[in-house]
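Everything below concerns the one structure shown next.
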Amino acid sequence: MSTQNVHRFRQAVQASPALQSEIRSLADRGAFDPVGFGAARGFAFTRADLATALEQLSGQLTDLELDLMGRQRRAAAGAGDLEPRKPVVGGASSPTAPTAGSKSVAQAY
């Protein structure tokens, strides 16, 4: 298994509106598992492979990937019904700076 399979999977999804629609439908129900979804379509990779590939792609993610990551973050934090946080200006904590308990882009999946 490798990050190459993650990249191949991403290319297949980007080229297929049907796959994108299926992923969105699963994500809407909270049932999207990228590792299982990829494996069922011949793209075997682990969560570690996915995390590595996403770190390599930082800044190059598609709108679908960003949406899925946002959903995963909200689900993990239990923040689906919370108001968005207001940015702290000049404070010790920056909304864009990682904190001790924050997850990286790759951990969001």
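Each value in this text was obtained by applying a stated rule to the coordinates, not by laboratory testing. Keep in mind that what you see is a predicted model, and the values were worked out from it rather than measured. In this analysis, Cβ positions are derived from the backbone assuming ideal geometry, glycine residues included, and neighbour counts consider all displayed protein chains.
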Mind checking the stretch 18-69 for trypsin sites (Lys or Arg not before Pro) that DSSP puts in a loop (not H, G, I, E or B) and that have at most 11 other Cβ atoms within 10 Å? ARG29
Please list 3J(HN,Hα) in residue order for the stretch 69-74, calculated via the Karplus relation 6.51 cos²θ - 1.76 cosθ + 1.60 where θ = phi - 60°; whole Hz, with x for glycine and proline. 5, x, 5, 5, 5, 5
Residue span SER25 to LEU64: 0.36 nm per residue of separation minus Cα-Cα distance leaves a gain in nm of 12.9 nm
Near ARG71, within a Cβ-to-Cβ distance under 12 Å, what is the net charge of the other residues, with Lys and Arg +1 and Asp and Glu -1? +1
Obtain the nm distance between the two label points defined at ALA75 and ALA40 by a simple spin-label model: each point lies 7 Å from its Cα along the Cα-to-C-beta direction. 1.3 nm
For the stretch 1-78 the mean separation of alpha carbon contacts under 8 Å (6+ apart) over residue count, i.e. relative contact order in percent, is 40 percent
Please give me the summed charge of the neighbours of THR46: other residues whose Cβ is under 15 Å from its Cβ, Lys and Arg +1, Asp and Glu -1. -1
For the stretch 49-60, in order, what is each residue's ³J(HN,Hα) by Karplus, 6.51 cos²θ - 1.76 cosθ + 1.60 with θ = phi - 60°, in whole Hz (x at glycine and Pro)? 4, 4, 4, 5, 4, 5, 5, 5, 9, 3, x, 10
